[in-house]
1. Given the rule -39500 (n - 2.57) for each run of at least 4 DSSP H residues, summed and divided by the residues of the chain, what is its mean residue ellipticity at 222 nm, to the nearest 500 deg cm²/dmol?
2. Under 19 Å from a label point 7 Å along Cα→Cβ of residue 15: give me every residue in segment 84-105 with its amide N that close.
3. Fewest Cβ neighbours within 10 Å first, please rank 75, 116, 35 accordingly.
4. Work out, step by step, the length gained on full extension between residue 37 and residue 87: first 0.36 nm times the residue separation, then minus their alpha carbon distance; give nm to one decimal.
5. Largest first, please: the extent of the C-alpha atoms of the chain along each principal axis, to the nearest Å.
6. Express in whole angstrom the spacing between the alpha-carbon centres of segment 81-113 and segment 25-45.
7. For segment 8-21, what does the Karplus curve 6.51 cos²θ - 1.76 cosθ + 1.60, with θ = phi - 60°, yield as ³J(HN,Hα) per residue in whole Hz, taken in order and with x for Gly and Pro?
8. Give me, ordered by chain and number, the residues 5 or more places off residue 117 or on other chains with an amide H under 5 Å from its own placed amide H.
Amino acid sequence: MEAYAEGFEIMSKADEFSLDLHQIASIWRYGSVVRSWLLELTEKALAPGAGFDRLEPYVVDSGEGRWTAVEAIDRAVPAPVIATSLFQRFGSRDEDSFALRLLAALRNQFGGHAVRTEVIGGEPGS
């Protein structure tokens, strides 16, 4: 999920190309080596009207990554991607990041993890 989020953020910053990220996700779902269920969820998250622009770039730390990182440390098993993903969640607390908004959307769709939406009318969404 983190790799997809980072890759799509790189493309989102390529203003000179006017990329349609929803269309890219849709095309990749059917004609690329990067096909996966997570890519289907990415396409769904980026679809017009899906509310992606309203998501805060806050990725909830629900505990699974933390537990897994601790187990990896306790068992001397290298798990750099899991650890980095956990730290990226912590980094989401203050950033306005496209990648973290996408990661929050994917985690919500994949595992039903909570997402936060922007404050509208003085009350935070959920």
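1. -17000 deg cm²/dmol
2. Answer for segment 84-105: 96-99.
3. On the way: 75 8, 116 17, 35 12.
Neighbour counts put them in this order, fewest first: 75, 35, 116.
4. Extra length from residue 37 to residue 87 when fully extended: 15.6 nm.
5. Principal-axis extents of the Cα atoms in the chain, largest first: 46, 44, 27 Å.
6. Result: 18 Å between the Cα centres.
7. Couplings: 5, 5, 4, 5, 5, 8, 8, 4, 5, 9, 6, 6, 9, 5 Hz.
8. HN-HN under 5 Å from residue 117: 56, 125, 126.
Laboratory data are not the source of any read-out in this text; all were calculated from the coordinates shown. Since we're looking at a predicted model, the values are computed, not measured. Cβ sites come from the backbone with ideal geometry, for glycine too, and all protein chains shown count toward neighbours.
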